[in-house]
Amino acid sequence: MIHFPVLFSTRLQLVLFCFLCVSAPFFAAAQRDTVKKIALKELTVTASLASSKMPLAFANVDKQTLRQNDFGQDVPYLLQMTPSVVASSDAGTGFGYTGIRIRGTDATRINVTIDDVPINEAETQIVYWVDLPDFVASVDQIQIQRGVGTSTNGAGAFGGSINLSTKAFHPDRYVSYSGTAGAFNTLKNTLSFGSGVLANRLILEARLSKLNSDGYIQRGSSDLASAYFSGLYFTDKSSIRLNAFTGKEITYQAWGGVPAQYIGVDSLRNFNPLGTEKPGAPYKNQIDHYVQSHVHIAAARQFSDRLNGVLTLHYTKGAGYYEEYKAAQSLAPYNLGAPTDTSDLVRRLWLNSDFYGAVYSLSYKDARFESVAGGAWNNYISRHFGEVTQLINPGAGVTNIPPGTQPYYSDNNHKNDFNVYAKTTFQASPVLNLFMDLQYRRASYALSGTVDGGRNLNFKVPFNFFNPKLGLSYTPDPQNLYYLSFAVANREPNRDDYVAANENALPRSERLYDLEAGYKYQAGPWKLGANGYYMSYKDQLGLTGQINDVGAPIHANIPVSDRLGLELEAAVRISGRFRLNANLTLSRNQIKNFTEYVDNWDKGSQDTFYRGNTPIAFSPSLISALETSYDLIKNKNQTLTAALSNKWVSRQYIDNAGNENTSLPAYDQTDVKVIWSIKKINKWGFKDVSVKLLISNLFDRRFSTNAWTYRYISASDYRADNYYTRSEGANVYNQTGYFPQALRAGFLSVSFSL
């Protein structure tokens, strides 16, 4: 049995909290006069971030915006108002398991870093935001790059990247609190504190968070906790920073989706099928339980006014399982009985992983050059295994083993990732900047053992990728900027692609050619932008309906597909009180010459259907976002702001066949926020007091943001046997599950510091 390695145990958290609360005032008080004289410079280089001179499409979400919009929901919900972004939530509220797509690109193709350290889970290439609860409380800026973007560390950015920068240190000691309470029994408490400058050279900061929510979906609860500690030791020319953070999540499984037939019925649209295999009341421990802990140590050095370097060592430990009740199971696959033996049972599917490596960069800047050279080496080792923890009323002769002593599958995985890059922006003339970014990346993935489902696999696949990026920007005057860029990106298949594939026909890597052209205007209260893109894919992996040798669906390489789009942005500030921000994405996303494979249950084989050019799944042709705010009160001591936002997403197809029978209807959501901020309250000693109210889905829209589907052919009607099944006519059926989002809900948040 695996024991969770938690970076900070509960007892250690309390000790740390007490130590800082008691000692920080004495140390900081002794240095109070000295702090005023220190020009505190944290010598870090965030090599993954795009600068204003780079010919790329990106958006920055700053500290103030993050704090105003933070009610405890996961990062995707804080980014959903940026261009071309669609967020989703399994539990319907933004708490628990959430997802994000950029330009229709799914989470396995979006690179995520924290201070340049890769965060994507190396095998699946996904970031599970539920493992980073309340992490945005420790973040000062998030940059979203659309398209290939700049060279980054970790998984290939194959349509988008998200770069999180942790908080800059505060030179004065502080204690701050923020809390949220609201619908679905949501309750979040966050306590942060900082030591101020100790002995002119050291700063310590920490955060503790606890979040609970029942979720909109039945039993879609989240029980989340996290801790964050950061320490900085600095001199005039160098610094060493330690970031250590851990997240623990216990979520009731809500990833099954609601049957399509239930979506239009208010009493059923939050139905959760998971756990209901147990007779009577649903199984109460149908949970996902995971702990993930990170340590980052960054050493930075300023070699001269022009040259800076950073070396970061990192380690991530993850361990956990999901537990489920399964009814009427054949016991032979579990090594517990003969093929004819059956029983209800409880099983756990485990993951235990270690991820570690080094990230480095060297930055040079003068009047005409901005250059960064860097790279990374990362290593990932994991073990997947399953165990039966309980047999429910087994028949005579069934082996009832002690729980946790005999895994019924077990496989070992190893992924190695290495890259080097050099990128530079060169000012060729007062109005022309040239950009070049060259990256070499080597990755290998190996798997051996028996995977879930009983297949024995043993393979190792290496990859060598060259990812060049070229561009230019033209600034005829300070108000106008034109840019053009071309980039190539390559991406290896993920674990799921390999596990589902036929062993003698492993999937190939994907390649993306990305052409971007844009214009930006900024003058007075106006900011305008337009970006056109053409993304051409070779061998993009997607569902075609094909199955492997044991009948499971596989991701097949689709020879040709592309995305063509236009992104428009506008922002204006009128009279210092009224602000308007809007963005609109229009796109055409298609697979060329698509052939769909559909199971024929009567024949025991698959029928093929040529569909021609079809839309890429989950790629809406129109995405828009509108935000307006007005300062009802605005002076040097306080502000009272009312804000209205609307997100609109057009129809999305659930699979690549382009069939409206299996699609997500268009939807829009309107939210209202009221934010009251006070800089200082002398009577009680509070400062930076904020009270925020959020009314989400103001107009009570009924919509879903994600779904799954399976299509088959049969002369028999199985709708009575499976509540997911719907008829399309002519003996064609589909089983489809939707993920509906919560109706109107309110949340209240309070924060202050001392």
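Table: residues versus (1) at pLDDT 95 or above; (2) open to solvent by 10 Å² or more (accessible area, probe 1.4 Å); (3) in a strand (DSSP E or B).
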{"position": "248", "(1), (2), (3)": "yes, yes, yes"}
{"position": "266", "(1), (2), (3)": "no, yes, no"}
{"position": "282", "(1), (2), (3)": "yes, yes, no"}
{"position": "288", "(1), (2), (3)": "yes, yes, yes"}
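Please enumerate the residues belonging to the range 339-395 that are open to solvent by 80 Å² or more (accessible area, probe 1.4 Å), closer than 30 Å to residue 285 by Cα and not in a strand (DSSP E or B).
Residues satisfying the conditions are 339, 340, 393.
Kindly evaluate residue 126 against the criterion of being within 28 Å of residue 451 (Cβ to Cβ) and crowded, with 23+ Cβ neighbours inside 10 Å. Before the answer, list the steps.
On the way: within 28 Å of residue 451 (Cβ to Cβ): yes; crowded, with 23+ Cβ neighbours inside 10 Å: no.
In short, no.
Residues that are within 23 Å of residue 512 (Cα to Cα) and assigned to a strand (DSSP E or B): does the range 119-133 have at least one? Before the answer, list the steps.
Initial filter on the range 119-133 (within 23 Å of residue 512 (Cα to Cα)): 119-127.
Filter once more, so that each one left must be assigned to a strand (DSSP E or B): none.
No, because not a single residue in the range 119-133 is within 23 Å of residue 512 (Cα to Cα) and assigned to a strand (DSSP E or B).
Quick check: anything in the range 552-561 in contact with a helix residue (DSSP H, G or I) (Cβ under 9 Å, 6 or more places away or on another chain), part of a strand (DSSP E or B) and either buried (at least 19 other Cβ atoms within 10 Å of the Cβ) or at positive phi (or both)? Full working, then the answer.
Looking only at the range 552-561, we keep the residues that are in contact with a helix residue (DSSP H, G or I) (Cβ under 9 Å, 6 or more places away or on another chain), and these are 552-555.
Those left that are additionally part of a strand (DSSP E or B): 553-555.
Next, from what is left, pick out any that are either buried (at least 19 other Cβ atoms within 10 Å of the Cβ) or at positive phi (or both): 554-555.
For the range 552-561, residues in contact with a helix residue (DSSP H, G or I) (Cβ under 9 Å, 6 or more places away or on another chain), part of a strand (DSSP E or B) and either buried (at least 19 other Cβ atoms within 10 Å of the Cβ) or at positive phi (or both): present.
Any chance you could count how many residues in the range 44-87 are in contact with a helix residue (DSSP H, G or I) (Cβ under 6 Å, 6 or more places away or on another chain), within 18 Å of residue 161 (Cβ to Cβ) and part of a loop (DSSP other than H, G, I, E, B)?
1
Can you name the number of the only condition in (1) surrounded by 15 or more Cβ atoms within 10 Å (Cβ to Cβ); (2) at pLDDT 95 or above; (3) over 21 Å from residue 555 (Cβ atoms) that residue 407 fails?
Tallying (1) surrounded by 15 or more Cβ atoms within 10 Å (Cβ to Cβ); (2) at pLDDT 95 or above; (3) over 21 Å from residue 555 (Cβ atoms), residue 407 fails exactly one: (2).
Any idea which of 565, 545 is over 24 Å from the mean Cα position of the chain (by Cα) and either part of a strand (DSSP E or B) or surrounded by fewer than 16 Cβ atoms within 10 Å (Cβ to Cβ) (or both)? Show your work before the answer.
On the way: 565 fails: over 24 Å from the mean Cα position of the chain (by Cα).
Among 565, 545, only 545 is over 24 Å from the mean Cα position of the chain (by Cα) and either part of a strand (DSSP E or B) or surrounded by fewer than 16 Cβ atoms within 10 Å (Cβ to Cβ) (or both).
All but one of (1) closer than 30 Å to residue 735 by Cβ; (2) out of contact with any helix residue (DSSP H, G or I) (no Cβ under 9 Å at 6 or more places or on another chain); (3) buried (at least 20 other Cβ atoms within 10 Å of the Cβ) hold for residue 234; state the number of the condition that does not hold.
It is condition (1) that residue 234 fails.
Within the range 291-307, how many residues are polar (S, T, N, Q) and surrounded by 21 or more Cβ atoms within 10 Å (Cβ to Cβ)? Walk me through how you get there before you give the answer.
Looking only at the range 291-307, we keep the residues that are polar (S, T, N, Q), and these are 292-293, 302, 304.
Still in the running and surrounded by 21 or more Cβ atoms within 10 Å (Cβ to Cβ): 292-293.
Qualifying residue count for the region: 2.
Suppose we keep only residues that are touching a residue at least 60 places away in the same chain (Cβ under 8 Å) and assigned to a strand (DSSP E or B) within the range 610-640. Which one would you say is surrounded by the most Cβ atoms within 10 Å (Cβ to Cβ)? Steps first, answer last, please.
Residues of the range 610-640 touching a residue at least 60 places away in the same chain (Cβ under 8 Å): 616-620, 623, 625, 627.
Cutting the leftovers down to assigned to a strand (DSSP E or B) gives us 623, 625, 627.
Details: 623: 25, 625: 21, 627: 20.
If we take residues in the range 610-640 being touching a residue at least 60 places away in the same chain (Cβ under 8 Å) and assigned to a strand (DSSP E or B), then 623 is surrounded by the most Cβ atoms within 10 Å (Cβ to Cβ).
Just a yes or no: is a residue in the range 162-174 under 19 Å from the mean Cα position of the chain (by Cα) and under 20 Å from residue 517 (Cβ atoms)?
Looking for residues that are under 19 Å from the mean Cα position of the chain (by Cα) and under 20 Å from residue 517 (Cβ atoms), one finds none in the range 162-174, hence no.
Please state which of the following conditions residue 117 fails to meet, knowing it meets all the rest: (1) under 21 Å from residue 649 (Cβ atoms); (2) of a type in the set (A, V, I, L, M); (3) in contact (Cβ under 8 Å) with a residue 40 or more places away in the chain.
(1)
Here are some conditions: (1) out of contact with any Ser or Thr (no Cβ under 9 Å at 6 or more places or on another chain); (2) open to solvent by 10 Å² or more (accessible area, probe 1.4 Å). Residue 136 meets all but one. Which one does it not meet?
(2)
Would you list the strands (runs of 3 or more DSSP E) that sit entirely within the range 667-754 and hold 3 or more residues that are small (Gly, Ala, Ser)? Talk me through it step by step, then tell me what you get.
Numbers: elements: 667-681, 686-696, 704-713, 725-729, 732-740, 745-753.
Result: 745-753.
Going through the range 660-683 one residue at a time, which ones are of a type in the set (Lys, Arg) and more than 15 Å from residue 750 (Cα to Cα)? Walk me through how you get there before you give the answer.
Taking the range 660-683 as the starting set, the residues that turn out to be of a type in the set (Lys, Arg) are 673, 679-680, 683.
Matches in the range 660-683: 683 only.
Quickly run through the range 88-108 and pick out the residues that are open to solvent by 10 Å² or more (accessible area, probe 1.4 Å), assigned to a strand (DSSP E or B) and hydroxyl-bearing (Ser, Thr, Tyr).
Once the filter is applied, which keeps residues that are open to solvent by 10 Å² or more (accessible area, probe 1.4 Å), assigned to a strand (DSSP E or B) and hydroxyl-bearing (Ser, Thr, Tyr), the range 88-108 yields 88, 98.
Given the options 607, 668, name the one that is closer than 30 Å to residue 714 by Cβ and surrounded by fewer than 16 Cβ atoms within 10 Å (Cβ to Cβ). Steps first, please.
On the way: 668 fails: closer than 30 Å to residue 714 by Cβ.
Answer to the selection: 607.
Which residues, counting only those in the range 727-741, are over 27 Å from residue 96 (Cα atoms) and in contact with a helix residue (DSSP H, G or I) (Cβ under 6 Å, 6 or more places away or on another chain)?
Step one: filter the range 727-741 for residues over 27 Å from residue 96 (Cα atoms), giving 727-734.
Result: 728, 734.
Residues of the range 528-540 being open to solvent by less than 10 Å² (accessible area, probe 1.4 Å) and within 22 Å of residue 491 (Cα to Cα), which ones? Let's see the steps before the verdict.
Applying the first criterion (open to solvent by less than 10 Å² (accessible area, probe 1.4 Å)) to the range 528-540 yields 531, 533, 535, 537.
Listed by number, the residues that qualify are 533, 535, 537.
When you check residue 191 against the structure, is it of a type in the set (A, V, I, L, M, F, W, C), crowded, with 21+ Cβ neighbours inside 10 Å, over 19 Å from the mean Cα position of the chain (by Cα) and on the phi < 0 side of the Ramachandran plot, yes or no? Spell out the reasoning first.
Working: of a type in the set (A, V, I, L, M, F, W, C): yes; crowded, with 21+ Cβ neighbours inside 10 Å: no; over 19 Å from the mean Cα position of the chain (by Cα): yes; on the phi < 0 side of the Ramachandran plot: yes.
So residue 191 fails the test.
If residue 210 satisfies every condition in (1) over 25 Å from residue 107 (Cα atoms); (2) crowded, with 20+ Cβ neighbours inside 10 Å but one, which is the exception?
(2)
The values are calculated or read from the model by the stated rules, or taken from the named source; none is laboratory data. Just so it is clear, the model here is predicted, and its values are computed rather than measured. Here Cβ is always computed from backbone atoms with ideal geometry, including for glycine, and neighbour counts include all displayed protein chains. Ligands, DNA and RNA are stripped out before the accessible areas are found, and what is left, the full protein with its side chains, is counted by its heavy atoms. Shrake-Rupley method; radii C 1.70, N 1.55, O 1.52, S 1.80 Å.
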